[in-house]
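Worksheet: the structure to be examined is printed underneath.
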Amino acid sequence: MIETRDRTFAAIRKIASRIAPGMTEEEGVAVGRQVLREDGLLRGWHGITLRFGVNTTLTFREKSGPGIVLGADDIFFVDIGPVWRNCESDGGATFTTGSDADMRRIAGDSETIFDAVAARWRADGLTGQALYEVAVAEAGARGWLLNLELSGHRVSDFPHKAHYDGALIDQRFVPSPDLWILEIQLRHPTRPFGAFYEDLLTDT
């Protein structure tokens, strides 16, 4: 699971490095497919998701608004769920193309909040429900809104739904390491953009 997670984030960084202003989301997805082929991550348990600009506020059940082109001073995130040697992963991270201070801060805070919540889980043995209570507080303290519809889930050997199908936020037990994805989606309170970060909860 850890190796799959590491390969996933290496691929996310590679995809992001090839995303440029002027691209559409559809072009970005094609870039993602190419990178996954190059890295031998040929099968995913979910598709490649890229969201640009205003579409970064949407949940994954919502379709992107059409015709969105990445700007020179903009924000986007990459979310992939590859399978490597029959082990699932799920990773997402946010990137910016310019110098907009709010965009850069929300992108960084999405990962910072993930780290803060994961640290509380390691230190205090929090349940899935309690983890998201911490996430709400951490987001609010930084001036962001947290989307609780993206509320974490289990991963495993493929497919995880054969083992367990339910949201992390609903769990009254302490999630085990290397099996649960913590999702953090933030939204600016007044401007039309957000940020996303997700990763595996690990004990180190």
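Here, each number is a calculation from the coordinates, and none is a lab measurement. Note that the structure is a prediction, hence the values are computed from the model and not measured. Neighbour counts are summed over all protein chains in view; Cβ atoms, including those assigned to glycine, are modelled from backbone coordinates with ideal geometry.
D for the chain, whole µm²/s, Stokes-Einstein with Kirkwood Rh over alpha-carbon pairs at 37 °C and 0.692 mPa s: what number? Walk me through the intermediate numbers first.
Numbers: Rh = 17.0 Å.
Value of D from the Cα-based Kirkwood radius: 193 µm²/s.
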| remark: Sorting Leu182, Thr204, Gly143 by the position of each Cα along the dipole of the range 47-204 (Lys, Arg +1; Asp, Glu -1; all at Cβ), the one nearest the positive end of that ordering is Gly143
| query | How far, in nm, would the chain grow between Tyr164 and Asp102 when pulled straight, counting 0.36 nm per residue and subtracting the alpha carbon separation? | reply | 18.6 nm
| Sites excluded, chymotrypsin sites (Phe, Trp or Tyr not before Pro) in DSSP loops with at most 16 other C-beta within 10 Å, longest stretch of the chain | 61-163
| query | Roughly what would the spin-label model give for Thr24 and Thr204, points 7 Å off Cα along C-beta, in nm? | reply | 4.5 nm
| Which value, in debye to the nearest 20, gives the size of the charge dipole of the range 2-200 about its Cα centre, when Lys and Arg are +1 and Asp and Glu are -1 at the Cβ? | 180 debye
| What percent does the relative contact order of the range 2-200 come to when contacts are Cα pairs within less than 8 Å and at least six residues apart? | 23 percent
| Karplus 3J(HN,Hα) series, Hz, for the range 184-197 with 6.51 cos²θ - 1.76 cosθ + 1.60 (x for Gly, Pro) | 10, 10, 10, 9, 5, x, 10, 9, x, 7, x, 8, 9, 8
| remark: Taking Arg37, Arg154 and counting other beta carbon atoms within 10 angstrom, the fewest-first order is Arg37, Arg154
